[in-house]
1. Filter the stretch 112-153 for residues that are of a type in the set (Val, Ile, Thr) and part of a helix (DSSP H, G or I) and give the result.
2. Taking the options Gly135, Gly150, name whichever one is of a type outside the set (S, T, N, Q) and exposed (fewer than 15 other Cβ atoms within 10 Å of the Cβ).
3. Can you list residue pairs whose Cβ atoms sit under 8 Å apart, with the first residue in the stretch 88-99 being open to solvent by 50 Å² or more (accessible area, probe 1.4 Å) and the second being modelled with pLDDT under 90? Count only pairs 6 or more apart in sequence or on different chains.
4. For the structure I just gave you, tell me whether Ser159 is modelled with pLDDT of 90 or more and within 30 Å of Pro99 (Cβ to Cβ).
5. Can you say whether Leu58 is touching a Pro at 6+ places or on another chain (Cβ under 6 Å), surrounded by 17 or more Cβ atoms within 10 Å (Cβ to Cβ) and not aromatic (Phe, Trp, Tyr), as far as the supplied structure shows?
6. Run down Leu51, Leu25 and say which single residue is open to solvent by less than 20 Å² (accessible area, probe 1.4 Å), in a helix (DSSP H, G or I) and farther than 24 Å from Pro99 by Cα.
7. Just for the stretch 191-232: of the residues that are among the basic types (Lys, Arg) and over 15 Å from Asp172 (Cβ atoms), which one is least open to solvent (accessible area, probe 1.4 Å)?
8. Tell me, please, whether a residue that is within 30 Å of Asp129 (Cα to Cα) and among the small types (Gly, Ala, Ser) can be found in the stretch 193-211.
Amino acid sequence: MFNTIEVARKIRAARNAKNMTQMALADAMGVSFQAVSNWERGGSLPDIGKLPDLCRILEMDLGTLLGEDQPETEIVEKMIDKEPVSPEELALVAPMATPKQAEESIENSREAGKAIPVHALSALVPYLDDEYLNGMMDRIIVQDVQDLIGVAPFLSQESLGKLAEKAEGKVDESLAGLAPFLSEKSLDMLVEKYTGPMDARLMGIAPFLSEAGVRKLAEKAMEQGNYEALKHLGPFM
């Protein structure tokens, strides 16, 4: 990833060389004084859409500003030129992209219109608009339930449930981490598929299950001979 302190130093040095104040640069860029100040302190990087203007005003090329040897620089250049990037590439520079820029890159990507593995999406979800993200569900491939952990906090309960239904692999203990984000119906469905040990962590999902789901969990515990687990399930049956 980019060295924000080094980029900050280059912005500050180029601005000083042009005898510009931070306020003057902010006015020329159409951003707040606080934004420029933050860039020059290394607190953040300019978003991708602002980089062409910044380079033009400071009379420096993008490679000089971001670093010629940084693989992310090439990705940023492609995004500025509206060239295709993969979801994996976008994830590397997503903190510099606005939600609309991230969405546009996905739609223009080499994988545009193709299915996207949920693990490739997990690094992008914090930077995507909720409406757009929830509209992508039909294009997302899910192998294992554990792959949903990274996206669960960012999806609606309905969308997460749709992805859970797609999971083709076995359902493991990661189910416990998903429980607070799933509906009773979706969680009950995953309990049916669960094949792992009935440990204490899994017992923690009981408050999120329907009575039928708790009974199914109890049945699985008895099948494994884990009668101790039934003590934890009793209050929910």
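1. Val118, Val125, Val145
2. Gly135 is the lone residue from the list that is of a type outside the set (S, T, N, Q) and exposed (fewer than 15 other Cβ atoms within 10 Å of the Cβ).
3. Glu88/Ala120; Leu92/Met1; Leu92/Pro71; Pro95/Tyr127; Pro99/Tyr127; Pro99/Leu128; Pro99/Asp129; Pro99/Tyr132
4. yes
5. No, not satisfied.
6. Result: Leu25 is the single residue among Leu51, Leu25 that is open to solvent by less than 20 Å² (accessible area, probe 1.4 Å), in a helix (DSSP H, G or I) and farther than 24 Å from Pro99 by Cα.
7. Lys216
8. There is no residue in the stretch 193-211 that is within 30 Å of Asp129 (Cα to Cα) and among the small types (Gly, Ala, Ser).
The values are calculated or read from the model by the stated rules, or taken from the named source; none is laboratory data. What you see is a predicted model; the values in this text were computed from it and never measured. Positions of Cβ are backbone-derived with ideal geometry, glycine not excepted, and every protein chain shown enters the neighbour counts. The accessibility values were calculated without ligands, DNA or RNA, using every heavy atom of the protein model including side chains. Shrake-Rupley method; radii C 1.70, N 1.55, O 1.52, S 1.80 Å.
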